[in-house]
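The values are calculated or read from the model by the stated rules, or taken from the named source; none is laboratory data. Computed from a prediction, not measured in an experiment: that's the story for all the values here. Cβ: placed from backbone, ideal geometry, glycine included. Neighbour counts: every protein chain shown. The protein model used for the area step is the full one, side chains on, heavy atoms only, and it has no ligands, DNA or RNA in it. Shrake-Rupley method; radii C 1.70, N 1.55, O 1.52, S 1.80 Å.
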Amino acid sequence: MQKTYAFAILAPVPEEHLLSGLETITAQLDADDLPPNHVPKVAFGSMDFEVFGAAEKLRSGQAVEVLIYASHAKGDQPLNPQVTWRGLYVGSVGSRRGRYPGKAMYRPKSTATDSPTWAVFWEVQGLEPLKMPLSIGSLRGKDKKTNYQARFLPEGPVLIAFP
């Protein structure tokens, strides 16, 4: 799948779901019943269907770089928030009564206790921690002229200029 450089997505995801997401990918890689060309993915829930609707229109079937802020992280957080994970957004699906309509193997196990309240699920391939954290203050919203404030914390997914 081709990747677009027209924009990217900045999204907060609880750290426990990111770590569990890596296990989700490993389980798919180890599964015997998936085709050999299967590309593992992870589905995260969100109420921000407008953001993902806009992303769907803009991406024209291409993958979109996702920069992820690990929210609810254990340990000391830097004074200026940082992106510490990345992945490729490959699409979204509407929920079915708040739950993921696809196969359960795409959801991190840590989300099993989530309340069924999501409007949309966004799917990511290539989820991985960044080797070097990226300051959120070095990013800017799509079609904006200035970067985010140094201490900006994303409370939901936002479309950003490709970094």
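Output the residue which, of all residues in the stretch 33-52 that are in a helix (DSSP H, G or I) and open to solvent by less than 50 Å² (accessible area, probe 1.4 Å), is nearest to M105 (Cα to Cα).
Checking each candidate, the answer is F52.
Starting from the stretch 49-62, take each residue that is more than 21 Å from T117 (Cα to Cα) and list its partners that are surrounded by 13 or more Cβ atoms within 10 Å (Cβ to Cβ) and among the charged types (D, E, K, R), counting only C-beta distances under 8 angstrom and pairs at least six apart or across chains.
Q62/K3
Please enumerate the residues belonging to the stretch 127-140 that are under 29 Å from Y106 (Cβ atoms) and either surrounded by 12 or more Cβ atoms within 10 Å (Cβ to Cβ) or in contact (Cβ under 8 Å) with a residue 24 or more places away in the chain (or both).
L127, E128, P129, L130, P133, L134, I136, L139, listed by residue number.
Out of the stretch 11-30, which residues are open to solvent by 30 Å² or more (accessible area, probe 1.4 Å) and not in a strand (DSSP E or B)?
Scanning the stretch 11-30 gives E15, E16, L19, L22, E23, T26, A27, L29, D30.
Do we find a residue being polar (S, T, N, Q), more than 20 Å from Y5 (Cβ to Cβ) and in contact with an Asp or Glu (Cβ under 9 Å, 6 or more places away or on another chain) anywhere in the stretch 73-87?
yes
Hey, among the residues in the stretch 63-99 that are surrounded by fewer than 17 Cβ atoms within 10 Å (Cβ to Cβ) and among the aliphatic types (A, V, I, L, M), which one's farthest from P116 (Cα to Cα)?
In this case the residue turns out to be L79.
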